[in-house]
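One structure is given here, and the rest of the page talks about it.
None of the figures in this text is laboratory data; all of them are computed from the coordinates on show. From a predicted model like this one, the values you see are computed outputs, not experimental measurements. Note: ideal-geometry Cβ built from the backbone for every residue, glycine included; neighbour counts use all protein chains shown.
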Amino acid sequence: MQDTLAKPARLPPRWFIRVFWKVHRAIVRITRGRLGLWLPKPGRWGALRLTTTGRRTGRPRSVMVGYVVDEPHLVTLAMNGWGAADPAWWLNLQADPNALVMTRNWRGPVVARVATGDERDRLWARWSEIDKGLDGFAARRPGPTAVVVLEPRSDASVEWS
């Protein structure tokens, strides 16, 4: 469960976070995923490219997000560099939950949904084990951070390891 009483953590300036993610996204695009994507390991999250459909433009929009595996799903947090607003990719997924994912070892279609109740608490606790400062970062946001479950579509073959 997200700790709303945690002391807000210190972050780099907003401009630095935005530039970092733009450069990261460019590296993945230029190298076609050979660089910039990594698999989660024990005690560490991985990085994937998520492509959603723009809710206003209808055009593909790609973003880099951290994730963990919760067999057979991928799980990420709807944060915006820990800024107050929800990230555009999460707003896009709320409008159209169908998306494409590229990990270091898999590409395919997914359907997104928000984790609720006990599932959300379990997944938040799992992220907290990996990122000890998670509750402090989340305290910077005005409301709870959505835990997003990316379910591979039933027609996609999946093998995470």
Residue farthest toward the positive end of the dipole of the range 14-152, with Cβ of Lys/Arg at +1 and Asp/Glu at -1: which of V75, P97, G54? G54
Using log10 I(q)/I(0) by the Debye sum over Cα atoms at q = 0.09, 0.18, 0.20 Å⁻¹ as the read-out, say which of [x] -0.28, -1.24, -1.55; [y] -0.28, -1.14, -1.40; [z] -0.35, -1.00, -1.16 was calculated from these coordinates. [x]
For the D118, I30 Cβ pair and Förster radius 41 Å, calculated FRET efficiency rounded to 0.05 is 0.50
How big is the charge dipole of the chain about its Cα centre, in debye rounded to the nearest 20, if each Lys and Arg gets +1 on its Cβ and each Asp and Glu gets -1 on its Cβ? 1020 debye
Under 5 Å from the placed amide H of A139, counting only residues 5+ away or on other chains, we find A9
